[in-house]
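To start, the structure itself, in structure tokens.
The values are calculated or read from the model by the stated rules, or taken from the named source; none is laboratory data. A quick note: this is a predicted structure, and the numbers were derived from the prediction, not measured. With ideal geometry, Cβ positions are generated from the backbone for all residues, glycine too; neighbour counts draw on all protein chains shown. Areas reflect the complete protein model, heavy atoms only, side chains present, ligands, DNA and RNA absent. Shrake-Rupley method; radii C 1.70, N 1.55, O 1.52, S 1.80 Å.
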Amino acid sequence: MARRPILAANWKMQKTVGEALAFAGSFLPLVKDAAADVVLAPPATALHALGQAIQGSNVALAAQNVSPEPKGAFTGELSTEMLADVGCSYAIVGHSERRTLFGETSAFVAAKAEALLAQNILPIVCCGESLEQREANQTFSYVGGQIRESLARIDKARAAEIVVAYEPIWAIGTGKTATPEMAQEVHAMIRGVLGELFGADGEAIRIQYGGSVKPANVAELMSQTDIDGALVGGASLEPESFSQIVNFGG
Ligand code: PEP
């Protein structure tokens, strides 16, 4: 099945409002003809201004996190309504940094994904194994389990809209990339689980690869059958390198 590629930038805790706007000024003209969905996930402080700056362009806005709660006494949190209010059409959930540094479980990620879809914001649901798990031959069981639990609350009728990101933890920010064959093997396993969960709609779900994606390796990764895009950290911080990723990968 032909799936539209999706390339997303995860800036993590980087860029002030001014830096985000300067990025947009250089980046938008470089990707205006992209044959892919292009997404920028700035820190929360830059969402509103960046959302305004990219309005009417072919680039979409994403949050890096969200609360599953609609409102109330949740100091420091942002609701799906607030994200929609500033123009988010996507939100990353369950990034390995949230899981390992902030203790987020797949059950919590599932609640976030459900709340996002109810607000018509598309969740980018992350999964991925540690080096220890890979070396212990637990990649399939661990990542398969993360997918089953993290997508447990997705309405079958909306499943085709979600995005999954497979990001082996040992490849994030380390310069180590899974070979295209290693990544494809896990993506194919994930595709199988999506089929079990959602039937034929599992074929429509886009699965991004993440982990040291660069202009030099994106095309080969994306040539794999079940790799439909990339979630990019370090190489998304400069307009030139991320636009090359978009234009090579799209
Ligand atoms: C990420 O954290 O989503 C990521 C893939 O980072 P990097 O591209 O820097 O490895």
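Structure notes:
- If you go through the stretch 157-184 and keep only what is open to solvent by 40 Å² or more (accessible area, probe 1.4 Å) and in contact with a strand residue (DSSP E or B) (Cβ under 8 Å, 6 or more places away or on another chain), you end up with just E161.
- The stretch 54-78, residues that are closer than 30 Å to V31 by Cβ and either assigned to a loop (DSSP other than H, G, I, E, B) or touching a His at 6+ places or on another chain (Cβ under 7 Å) (or both): I54, Q55, G56, S57, N58, Q64, N65, V66, L78
- Within the stretch 72-96, the set of residues being open to solvent by 50 Å² or more (accessible area, probe 1.4 Å) and on the phi < 0 side of the Ramachandran plot comprises A73, F74, T75, E77, L78, E81, M82, D85.
- Filter result for the condition that a residue is out of contact with any Asp or Glu (no Cβ under 8 Å at 6 or more places or on another chain) and more than 19 Å from L151 (Cβ to Cβ), over P42, P70, P5: P42
- R99 being open to solvent by less than 40 Å² (accessible area, probe 1.4 Å) and of a type in the set (K, R): yes
- Test: residue in the stretch 163-171 that is modelled with pLDDT of 95 or more, under 23 Å from T225 (Cβ atoms) and either away from the ligand (no atom under 16 Å from the Cβ) or in a loop (DSSP other than H, G, I, E, B) (or both): yes
- When K214 is tested against (1) assigned to a helix (DSSP H, G or I); (2) closer than 30 Å to A22 by Cα; (3) charged (D, E, K, R), just one condition goes unmet, and that condition is (1).
- Enumeration of residues in the stretch 1-15 that are open to solvent by 10 Å² or more (accessible area, probe 1.4 Å) and more than 13 Å from the ligand (Cβ to nearest atom): M1, A2, R3, R4, P5, K15
- For the stretch 129-144, the tally of residues that are of a type outside the set (F, W, Y) and either within 17 Å of A41 (Cβ to Cβ) or in a helix (DSSP H, G or I) (or both) stands at 9.
- Scanning the stretch 118-133 for residues that are more than 16 Å from the ligand (Cβ to nearest atom) and either charged (D, E, K, R) or open to solvent by less than 10 Å² (accessible area, probe 1.4 Å) (or both) yields I121, E132.
- Boolean, I147 is touching a Cys at 6+ places or on another chain (Cβ under 6 Å), under 24 Å from A46 (Cβ atoms) and either without any contact (Cβ under 8 Å) to a residue 40 or more places away in the chain or open to solvent by less than 10 Å² (accessible area, probe 1.4 Å) (or both): no
- Top-ranked residue in the stretch 229-248 [being open to solvent by 10 Å² or more (accessible area, probe 1.4 Å) and within 15 Å of the chain's Cα centre (by Cα); ranked as nearest to L40 (Cα to Cα)]: G233
- Residue that is surrounded by the most Cβ atoms within 10 Å (Cβ to Cβ) [pool: residues in the stretch 203-227 that are within 15 Å of the ligand (Cβ to nearest atom) and of a type outside the set (A, V, I, L, M, F, W, C)]: Y209
- Number of the exception - M82 against (1) under 23 Å from E161 (Cβ atoms); (2) not in a helix (DSSP H, G or I): (2)
- Restricting the first member to the stretch 202-213 and to residues that are within 9 Å of L231 (Cα to Cα) and of a type outside the set (V, I, T), and the second to residues that are modelled with pLDDT of 95 or more and more than 9 Å from the ligand (Cβ to nearest atom), the beta-carbon pairs closer than 6 Å and six or more apart or on different chains are Q208/G229; Y209/Y166; Y209/A183; Y209/L221; Y209/I227; G211/P168.
- Considering the stretch 32-53, the residues that are within 13 Å of M13 (Cα to Cα) and part of a loop (DSSP other than H, G, I, E, B) include one that is most open to solvent (accessible area, probe 1.4 Å), namely P43.
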